[in-house]
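Engineer: Before we start, here is the structure in question, set down as structure tokens.
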Amino acid sequence: MDVKYAAREIVDQERSALVSLSHRIHADPELGFEEEKAARWLCEALADGGFRVESGIGELPTAFAARGGDGPLHVAICAEYDSLPGIGHACGHNVIAASAVGAALALRRVADDVGLRVSVIGTPAEESGGGKILLLERGAFAGVHAAMMVHPAPVDVAEPMMIAWSQFDVHYRGKEAHASAFPELGINALDALTVAQTAIGLLRQHMRSTDRVHGIILKGGDAANVVPAHTCARYMVRAEALADLGEIRAKVMRCFEAGALASGARLSVEEASPSYAEVRHDGALAAIYRRNAQGLGRVFPEMGPMARRAAGSTDMGNVSQVLPSIHPLIGLGCYPVVNHQPEFAAFCATPVADQALVDGAVALAWTAIDLAADPAARSRLLARTT
């Protein structure tokens, strides 16, 4: 308990700097793979805290790894810091990043006392692009025994349902013509997309309750009096597990094929991101985190049927398929304001969010300390290799 008390004291001492870091990232949102300022600020904070920092890992300029401690048990804390187009940090990645730094600073001071090696892995492009997947493939998680992070949300959840996704761009190519004088000479690529979206709407009746399909039109044409010769849409399909994605994606693809068949346009499909796997929470780690968070006064409401409701997706799912991981949600108490709303972005720079980042940092640090101190937990994790 003395070590855990010391870890909390360190976070409390760093509170002002951590809150400032969170607000700084929040005020200057950057999109995936473009998070140059956020990555630099995080690296500076970790270097000042005694970490050995390497920037640009995995051939990703805005990824980094910060290492500290020489113990046998290697715990990685994942930092996210990308934002959403148009609505900034409406998923609260500024809170995630600051919590990761806070936990790391606390653990760096006690790592050798408890036998820990600590890494903060800066993972760009979580919202779209799969930075963690690329880093996983390129060896950034090699030698790590457990990975963890906290993510802001309306309420605290220790093991949230995080489902798999596949994301792709659909292109239709037809033929221009004057839309009034010679429409019969055109092939309307926007009609193809309209047919496809109508078919997808009808498909929803025959999807599993945990399946999702949604998208946006990236290009609908160039002028109202020209038959659109090129349209493009970005779509996501989601399923409870990666193994289930193929079935729903095949059905959705038939809808896009119907658009091409009906209009005469040519269809092509390009992958827009690596596929995200579902999060496989390590139950033992999640229980330790929950106990520590409750010790800080966090409350985990009984979710009832909501517990099985299909939720978001994250590239942390791919990490969790390879090594023991947790991705708990830390609540801001803001429902019905929810993630990916401008109102949620505003919430992520309030005193409530500031307290959540401090609690998240302490809970993560305490969880890592408990893993190192518990012989059974330590042995189980040390027996694994990545």
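Engineer: Enter the Cα centre distance for the pair the range 122-156 and the range 168-231, rounded to the nearest angstrom.
Structural biologist: First find each Cα centre; the distance between them is then 35 Å.
Engineer: First obtain the Kirkwood hydrodynamic radius of the range 164-271 from its Cα pairs, then insert it into the Stokes-Einstein equation at 4 °C and 1.567 mPa s, and state the resulting D in µm² per second as a whole number.
Structural biologist: The Stokes-Einstein estimate is 91 µm²/s.
Engineer: Give me the extension gain from R24 to D2: residue separation times 0.36 nm, minus the current Cα-Cα distance, reported in nm with one decimal.
Structural biologist: 4.7 nm
Engineer: While we're here: Can you compute the helix-only [θ] at 222 nm over the chain? Use -39500 (n - 2.57) per DSSP H run of at least 4 residues, normalise by all residues, nearest 500 deg cm²/dmol.
Structural biologist: It comes out at -13000 deg cm²/dmol, rounded to the nearest 500.
Engineer: Where does the chain land on Rg(C-alpha)/(2.2 N^0.38 Å)?
Structural biologist: After normalising by residue count via 2.2 N^0.38 Å, the value is 1.08.
Engineer: Also: Taking one equal scatterer on every alpha-carbon of the range 61-111, how large is log10 of I(q)/I(0) by Debye at q = 0.17 1/Å?
Structural biologist: Reported log10 I(q)/I(0), two decimals: -0.60.
Engineer: Can you compute the FRET efficiency between R208 and A17 using 1/(1 + (r/R0)^6), with r the Cβ-Cβ distance and R0 = 51 Å? Round to the nearest 0.05.
Structural biologist: Taking R0 as 51 Å, the efficiency between R208 and A17 is 0.65.
Engineer: Can you list which of the DSSP-assigned H helices in the chain have a Cα extent of 20 Å or more along the long axis and an average Kyte-Doolittle score of at least -1.0?
Structural biologist: Those that clear 20 Å and a mean of -1.0 are 2-27, 93-114, 189-203, 245-263, 351-373.
Engineer: What aspartates and glutamates does K4 reach when the alpha-carbon gap must be under 19 Å and sequence neighbours fewer than 8 apart in one chain are set aside?
Structural biologist: Straight-line reach from K4, under 19 Å: D12, E14, D70, D112, D113, D359, D370, D374.
Engineer: How much length is gained if the chain between T198 and Y335 is pulled fully straight, taking 0.36 nm per residue apart and subtracting their Cα-Cα distance, in nm to one decimal?
Structural biologist: This chain segment gains 46.1 nm when fully extended.
Engineer: Additional query: Subtracting the Cα-Cα distance from 0.36 nm times the residue separation, let me have the gained length for A373 to M303 in nm, one decimal.
Structural biologist: 22.1 nm
Engineer: Can I ask one more? Under 27 Å Cα-Cα from K219, which lysines qualify once same-chain neighbours fewer than 8 residues away are excluded?
Structural biologist: Answer for K219, where 27 Å is the Cα cut-off: K175, K251, listed by chain and number.
Engineer: Put a dot 7 Å past each Cα toward the Cβ at K219 and D113; how far apart are the dots in nm?
Structural biologist: If labels sit at D113 and K219, their model points lie 6.0 nm apart.
Engineer: Using the Karplus equation 6.51 cos²θ - 1.76 cosθ + 1.60 (θ = phi - 60°), what ³J(HN,Hα) coupling, rounded to whole Hz, does each residue of the range 208-222 give in order, writing x for Gly and Pro?
Structural biologist: Those phi angles translate into 5, 5, 9, 7, 9, 9, 7, x, 9, 8, 8, 8, x, x, 10 Hz.
Engineer: Looking at the range 128-214, I'd like the Rg to Rh ratio, where Rg is from alpha-carbon atoms and Rh is Kirkwood's inverse mean 1/r.
Structural biologist: Ratio value, two decimals: 1.19.
Read the figures in this text as sums done on the coordinates, not as results from a lab. In this text, all values refer to a predicted model and were calculated from it rather than measured experimentally. Every residue, glycine as well, gets a Cβ built from its backbone with ideal geometry; the counts of neighbours run over all protein chains shown.
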